[in-house]
Amino acid sequence: MMRILFLIYHGFSEHSGISKKIKYQIKGLRDLGNEVYVCYYDYDKDGNKVRYIDGKVVKNYGHSLLSPIRQRTDFVAIADFAVHHHIDFVYARHYTNANPFIINLFKTFRKNGIKSVIEIPTYPYDKEYDGLPLKYRLELIVDKMFRQRLAQQTNRIVTFTDELSIFGQKTCCISNGIDFDSVPVRTSHPRKEHRIDFIGVAEVHYWHGFDRFIHGIGEYYKDGGAMELFFHIVGGIANREMHDSKFARGFQDLADEYHIQDRIIYHGQLFGKELDEVFNQCDFAVGSLARHRSNIEKIKTLKNREYAARGIPFIYSETDEDFDNKPYIIKAPADESAIHIEEVIRFYTTLDVTSQEIRESISDLSWKKQMEKVINHVFNS
C-alpha cells in the first residue's frame, strides 16, 4: 500500500464530466489498495479562496484582491502536508499553470523522495486557447515559459496520446478509463424502421464539430432523404456555438438554412435517470468531429468510452487506437465537410451487435487498470 496525494488546482462540480473522471481515477487508485488524499481548491461559505485536503482547510487565501495571486504562488501547505504525512506518490492534473512556484513545489517532492507525475488531459493544448479572453491567453504564455522546467521535476508525464516525450520528459501512455459501476448499459430495443435518433453529449465547444453533423442532416434532406432523423444534443451550449463564428457554422444558423429546426433537439444539461432515458431512446451517438480545429489528431476521449460503456454505436473523426478497429464505430474524415448521413444510415441499419457486446469490448479500460499502469510505470520501470 502507498500513500498517494491526488493534486488538482480547482474544485469539484457535482455534474462536471471532469470532476467525475477525477473521482473515478481516485476510486481506481483506492481499489488498488492505496491510501489516497485529495488536494483541491475551492471557496468556503464566506467566499474565501481555500486549499483543502480531504475536506480540511490547509490554506486560506482570503478574499482580497491578492487572493488569486496567492493561490497561484503559495504551495507551502501542500509541500508540508506531503512531507509530514510521508506521501509516496503525487498524481497531479495539469491546469495550464506552470510557474516558478509550482516548480519549487515539485522540487520539494523530489528532494524528499516523493515520486510524482503530471497528467496532461489534452495534448497539444495551445490551440484550445485561440479566441479565449485575454486572461486565459496570458496564463498560457506563462505556462509556455515554465512547463519544460516543471516537467523535469516529475518522474513522468501521463498522457492519453502515444507521445513518447512531452516537454522533454518521458511519458506514461494510458487510455481514458471508465467506471463501469457508474455508467449503465442502455436498454436495448428493436430497431425502428423509418427513424433514427442520434445523441451527442458534451459541454459543447467548436472542436466537438456538432455543426458538421447538423450540416449533414440538412444536406440529407436537401437531397430527398426519407428517413426520420433527430439529433439530441445534451449539455451546455454557449451562444457562440449557435451562430456562425470564425471557428464553425452555428447550429441555429444551419438549422434555419435547411429548415430542420424541429430535428435538432436541445436538452440542456441532463444527469442520472434523465440522461439514461434519453440514451435509451437513442440509436446512435456522435463523438468529436472536429478535433483537427484544435490541432489534435490523436486523442482518447472520455466520451468515446462512455458511449461504448452505454452500449451505443458512434461516430468520431480523430484517431483513437482503442476504438479505430471496433465494428460498431464509423470514422468521419477529419475535415470541414458535412457528415455523409446516408453513409451513417447504411452503417447503422446493417450493424449486428448488441449493447452488451459493445460494453464488454472495453472491459480492459477500467480506471483501476489504467491507474495501475501509471503506478507500475513510475515504480517498476
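How many residues does the stretch 113-137 hold that are surrounded by 15 or more Cβ atoms within 10 Å (Cβ to Cβ) and more than 24 Å from the chain's Cα centre (by Cα)? Qualifying residue count, the stretch 113-137: 2.
Scanning the stretch 203-241 for residues that are surrounded by fewer than 17 Cβ atoms within 10 Å (Cβ to Cβ), at pLDDT below 95 and closer than 18 Å to Val286 by Cα turns up Glu203, Gly236. Scanning the stretch 27-66 for residues that are polar (S, T, N, Q) and under 17 Å from Phe89 (Cβ atoms) returns a single hit, Asn34. Among helices (runs of 4 or more DSSP H) lying entirely in the stretch 242-354, which contain 1 or more residues that are touching a His at 6+ places or on another chain (Cβ under 8 Å) and under 26 Å from Ser188 (Cα atoms)? Counting at least 1 such residues, we get 272-281. Considering only residues in the stretch 61-76 that are among the small types (Gly, Ala, Ser) and within 13 Å of Val50 (Cβ to Cβ), the one that is surrounded by the most Cβ atoms within 10 Å (Cβ to Cβ) turns out to be Ser67. Annotation note: Cβ proximity below 6 Å between a residue of the stretch 31-44 that is under 14 Å from Phe6 (Cα atoms) and a residue that is of a type in the set (Lys, Arg) and modelled with pLDDT of 95 or more (sequence gap 6+ or interchain) occurs for Glu35/Arg3; Val36/Arg30; Tyr41/Arg51. Cβ separations smaller than 9 Å between residues 6+ apart or across chains give the following pairs from the stretch 71-96 residues that are in contact (Cβ under 8 Å) with a residue 12 or more places away in the chain and of a type in the set (Ser, Thr, Tyr) to residues that are surrounded by fewer than 17 Cβ atoms within 10 Å (Cβ to Cβ) and in a loop (DSSP other than H, G, I, E, B): Tyr95/His10; Thr96/Tyr125.
Every condition in (1) farther than 22 Å from Phe180 by Cβ; (2) touching a strand residue (DSSP E or B) at 6+ places or on another chain (Cβ under 6 Å) holds for Phe314 except the one numbered (1). Just so you know, in the stretch 334-364 the residues that are touching a helix residue (DSSP H, G or I) at 6+ places or on another chain (Cβ under 6 Å) and touching a residue at least 60 places away in the same chain (Cβ under 8 Å) include one that is surrounded by the fewest Cβ atoms within 10 Å (Cβ to Cβ), and it is Ala338.
Please indicate, with yes or no, whether at least one residue in the stretch 105-112 is without any contact (Cβ under 8 Å) to a residue 40 or more places away in the chain, surrounded by 18 or more Cβ atoms within 10 Å (Cβ to Cβ) and of a type outside the set (S, T, N, Q). For the stretch 105-112, residues without any contact (Cβ under 8 Å) to a residue 40 or more places away in the chain, surrounded by 18 or more Cβ atoms within 10 Å (Cβ to Cβ) and of a type outside the set (S, T, N, Q): present.
The values are calculated or read from the model by the stated rules, or taken from the named source; none is laboratory data. Just so you know, these numbers come straight off a predicted model, no measurement behind them. Methodologically, a virtual Cβ is constructed for each residue, glycine included, from the backbone with ideal geometry; neighbour enumeration extends over all protein chains shown.
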